[in-house]
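J.: Questions regarding the structure given below will be posed in turn.
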Amino acid sequence: MASTSRGEALSLPRVTCPNHPDAVLVEDYRAGDMICPECGLVVGDRVIDVGSEWRTFSNEKAQKDPSRVGDAQNPLLNGGDLTTMIGKGTGAASFDEFGNSKYQNRRTMSSSDRAMLHAFKEISTMADRINLPRNIVDRTNNLFKQVYEQKSLKGRANDAIASACLYIACRQEGVPRTFKEICAVSRISKKEIGRCFKLILKALETSVDLITTGDFMSRFCSNLGLPKQVQMGATFIARKAVELDLVPGRSPISVAAAAIYMASQASAEKKTQKEIGDIAGVADVTIRQSYRLIYPRAAELFPPDFKFDTPVDKLPQL
């Protein structure tokens, strides 16, 4: 028999060996027994294991899934995603004498939930390809759910709507991506993403901030491997060119690319138009057109502390 020593009134009972009350009991987790290490007496049996669950309850035996409670709730799906899906039976006990499955799903996932789950998976895949954080994925999912429930873009492919929602979410979170970058990670054309973008803004009555050259400068320069001084010089050149109204009607992306080209040509880290165009997603001729607009006043565009490797008057004229 096990004796129980009681301390204070509020303390829990302590199981000890009657022959060796000071011995530290050993727990046999497999059998659920508490054993005295001095004499081998089984002091307690059928002890409940409160440790982590290590068995797998998934249908796929290859996967180690110690969870028995299913996936987390998805607030974006109708019904809180609390449905239970019964897998296909494999043994004889799973079928009746006619060969029909005994256990069937009474309620399957609705077509709208299925469509949204497919879109959420596509959004997550696109975000992973261009290293976007989780908060942008969540905002994109919310935008897609609003558009889908409004049914305001009927006839448009869900993948196109998802791509446009990702573009809007990036703009709203202050980390804009170009249409070409979104197009590169999706299966939708740039033109179709642009159409869906305008329709979504109109349907949700929302807006996005105007993009500027500074939104892309640090990312473009980083991908080109340019030093901090060139990046700061290019940022200053682009901002000054806009202030002086030298590039009216030009896309901020093409202005940023031209500013990077000018700053790199004036420094020791020179980059060609093709290298910059591949990173910025603009054609060489577009960079040249913007560069020609800012070249005549190049002396006014550089910051005062810029370290020139090539003087302004020796810059390429194109």
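J.: If DNA, RNA and ligands are ignored and the probe is 1.4 Å, what is the ranking of Val147, Val175 by accessible area, most exposed first? Write out the running numbers ahead of the final one.
T.: Working: Val147 5, Val175 55 Å².
Largest accessible area first, the list is Val175, Val147.
J.: How big is the charge dipole of the stretch 213-314 about its Cα centre, in debye rounded to the nearest 20, if each Lys and Arg gets +1 on its Cβ and each Asp and Glu gets -1 on its Cβ?
T.: Values: 13 positive and 11 negative charges, 18 e Å.
Magnitude of the dipole: close to 80 debye.
J.: So if we plug the beta-carbon distance of Asp22 and Ser111 into 1/(1 + (r/R0)^6) with R0 = 51 Å, what FRET efficiency do we get, rounded to 0.05?
T.: 0.15
J.: Taking 26 Å as the cut-off for C-alpha to C-alpha distance, list the pairs among Lys190/Lys270; Lys191/Lys270; Lys191/Lys274; Lys121/Lys228; Lys151/Lys190 that go past it.
T.: Numbers: Lys190/Lys270 31 Å; Lys191/Lys270 34 Å; Lys191/Lys274 24 Å; Lys121/Lys228 37 Å; Lys151/Lys190 22 Å.
Lys190/Lys270; Lys191/Lys270; Lys121/Lys228, as the Cα separations exceed 26 Å there.
J.: Roughly what would the spin-label model give for Cys39 and Asn158, points 7 Å off Cα along C-beta, in nm?
T.: If labels sit at Cys39 and Asn158, their model points lie 6.9 nm apart.
J.: Further question: Calculated FRET efficiency, Glu205 and Gln229, Cβ-Cβ r, R0 41 Å, to nearest 0.05?
T.: Efficiency at R0 = 41 Å is approximately 0.40.
J.: R0 = 25 Å: FRET efficiency of Ser218 with Lys270, Cβ-based, nearest 0.05? It would help to have the intermediate numbers written out before the result.
T.: Details: r = 20 Å, r/R0 = 0.78.
Efficiency, from the Cβ-Cβ distance: 0.80.
J.: Label points 7 Å out from Cα along the Cβ direction at Lys180 and Asn131: separation in nm?
T.: A separation of 1.9 nm, rounded to one decimal place.
J.: In the neighborhood of Leu318, defined by Cβ-to-Cβ distances under 13 Å, what is the net charge if each Lys or Arg adds +1 and each Asp or Glu adds -1?
T.: +1
J.: Moving on to the next point. Rounded, prolate or oblate: which one fits the stretch 213-314, using the alpha carbon gyration tensor with axes a ≥ b ≥ c (rounded when a/c is under 1.5, else prolate when a/b beats b/c, else oblate)?
T.: Rounded shape, in that the Cα axes give a/c under 1.5.
J.: What does the net charge come to around Lys198 if you take all other residues with beta carbon closer than 15 Å to its beta carbon, with K and R at +1 and D and E at -1? Please report the intermediate quantities before stating the final value.
T.: Values: positive: Arg156, Arg171, Lys190, Lys191, Arg195, Lys202; negative: Glu192, Glu205.
Computed value for this residue: +4.
J.: So, by mean Cβ neighbours within 10 angstrom, what's the order for 179-186, 136-143, 200-207 with the highest one leading?
T.: Output ranking for 179-186, 136-143, 200-207: 136-143, 179-186, 200-207.
The values are calculated or read from the model by the stated rules, or taken from the named source; none is laboratory data. As the structure is a computational prediction, the values presented were derived from the model and not from experiment. Glycine also receives a Cβ, built like all others from the backbone with ideal geometry; neighbour counts cover every protein chain displayed. Heads up: the accessible areas ignore ligands, DNA and RNA and are worked out on the full protein's heavy atoms, side chains in. Shrake-Rupley method; radii C 1.70, N 1.55, O 1.52, S 1.80 Å.
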